[in-house]
Every structure is written in C-alpha cells, then in structure tokens.
Amino acid sequence: MNIRGFCLIIFLILTASCFANLEMKVDSGVSMPWSGFLEVSDSERTQLLMKNDFRAYFLPTVGYEISGEHLIELSFFHFTVKSTFEATDTEPLASYESMFKQDVLSLTYMYILPELDRFSLQLGVQGRLWFKQLTLIGSKTFDRKVSDLSFGPAADLRLQMNDKVFIGLDVSTGLGKGNGFIDMFAGLHFEGPFYYVRAGTRYWSVTNSFDNDRFFLSFVNLGVQFCAVF
C-alpha cells in the first residue's frame, strides 16, 4: 500500500469517528435444546438433540452507530452440542451419538427511526455466513459439512414503561440456498446514559438441506445482554 492509500484510510477512520459511536455488546446465557431431527431422503426421522442437554452460549458483537440514524453490527457465534441416544427396545440394541458444530458470522444494518411517543423502532437487514457440520456415529452414521449464506429482514422494537425500563422485541429472519433461520428475543430492556441491559428469552432455530437430506434444530435461550456505547 502506498502513502496516499494509507493516508486515505486514516482519514476515513478519523472522519467516521467524529460522527459515529462504537458499540460493544455481549449476549450470554444458557441454551436449552428444544427440537432436533434429521430426515434422510424423506424416509426416516432421526433424533438429534436431548432436551436436558443444556449448553452455555456467548455471543460478542461490535457495532458502529453513525449520526444516530444508522447502525452496523458484526458478530461471531460458535456453538457445539452433543447428544447420546440408546434404544433398549430394539434388537440389536441401537445406540448412536450426534454432534452438531456451527460457526456463524453475522452482519446487520439497522436504520434508527425517530422515536414516536413511547415507541422506538429500528428496521434493517441481516446477512449470515454459516459453517456447519452434522455427524452421527454408532448404529446410525451420517457426516455432512455445509457453508451457506442467508439474508433477511431484522427489526428491534422497544416499548417504554418508564424513564429506564422498556419492553424489548428483537426479530431477525433469513433465507439462503437450502437453509433458513429465525432469531427472536423478548424481554425487559433497561437503558442507561451509555449502556443498556436486556434480560429475557431468545428463540433460535435453523434448517438446512443436503440434496435430499434435511435437518432441523431449535433452541430456547435464557440469558442477559449487555451493551456499552463509547
């Protein structure tokens, strides 16, 4: 890179910092498997998740709010869940282990609408880059990897209860080639001078297709989200 290009990048960063705020967000809690199955050639369903197989989750996000109207967020999410199944009423005995791994890189753009009475609303679009692996080992075997891209709308609604407390609803959905997702949060939103804290329930589900094979996974997450703006 030459001196002119380097100076241009520094100038753009300094210019953006004059009109934008840096946002650091962390979402953490406990993930409860809700439903999970695999369909192989539309002929058989194989269970993938045990409902008592809880997992902790951690989701960091970096955002940039420009002029109080535009918000750009980038987040990375890694998730692994394993379940072991044993069927004692079959001959021979069936036992297998399922393992699901997922890495998600998410980019979100939101337009911040002017506040209206007790309502505040953000509308935008979200893109997600997925890297997934599903493996079955034992009496049933399956091993597939997939990377895919999804796009869809996103919205963040807040209903003011008093000066500090809001009811929050955050929804994002998307579709890609052979996949789809829905991510929805509902809970209480506590707002301060340079931060906010959210506590509530988040529902997350994903579907994917491998040619004629399809799997579906869904989770209910209980957690807390903290965001600081600089």
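Some points to look at:
- Close amide H pairs (under 5 Å, H built 1.01 Å from N) link Leu49 with Gly36, residues at least 5 positions away or on another chain.
- Calculated [θ] (222 nm, deg cm²/dmol) that DSSP helices of n ≥ 4 give over the chain, each run adding -39,500 (n - 2.57): -2500 deg cm²/dmol
- Area accessible to solvent at Met184, 1.4 Å probe radius, in Å²: 80
- Among the protein heavy atoms, those of Trp34 account for about 140 Å² of accessible surface (1.4 Å probe, every chain in place).
- Portion, in percent, of the accessible area of the chain that falls on carbon or sulfur, probe 1.4 Å: 64
- Net charge in the neighbourhood of Trp34 (other residues with Cβ under 13 Å of its Cβ; Lys, Arg +1, Asp, Glu -1) is +2.
- Degrees, to the nearest 10: 3-19 long Cα axis against longest axis of the chain: 80
- The candidate values are [x] 39, 22, 15; [y] 26, 20, 17; [z] 37, 19, 17; the one derived from this structure for semi-axes √(5λ) of the Cα gyration tensor in Å carries the label [x].
- Extending 7 Å from the Cα toward the beta-carbon at both Asn52 and Phe119 defines two label points whose distance is 4.5 nm.
- Placing R0 at 45 angstrom, the Cβ-Cβ distance between Tyr111 and Ser139 gives a FRET efficiency of 0.30 after rounding to 0.05.
- Whole-Hz couplings from phi, Karplus 6.51/-1.76/1.60, listed for the stretch 148-154; x for Gly and Pro: 7, 10, 10, 10, x, x, 9
- Net charge of neighbours whose Cβ lies under 10 Å from the Cβ of Thr80, counting Lys and Arg as +1 and Asp and Glu as -1: +2
- Å² of accessible area per residue within the chain, as computed with a 1.4 Å probe and no ligands counted: 57
- Residues Phe100, Phe76, sorted by accessible area with the largest first, give Phe76, Phe100 [1.4 Å probe; ligands and nucleic acids excluded].
- Proximal lysines relative to Lys101, as straight alpha-carbon distance under 27 Å, when same-chain residues fewer than 8 apart are discounted: Lys25, Lys51, Lys82, Lys132, Lys140, Lys145, Lys177
- Each of Leu107, Leu38, Leu116 has its accessible area taken with a 1.4 Å probe; listed largest first, they run Leu116, Leu107, Leu38.
The values are calculated or read from the model by the stated rules, or taken from the named source; none is laboratory data. Bear in mind the structure is a predicted one, so any value in this text is a computation, not a measurement. No Cβ is skipped: glycine too gets one built from the backbone with ideal geometry, and neighbour counts run over all protein chains shown. Surface areas here come from the heavy atoms of the whole protein model, side chains and all, with no ligands, DNA or RNA. Shrake-Rupley method; radii C 1.70, N 1.55, O 1.52, S 1.80 Å.
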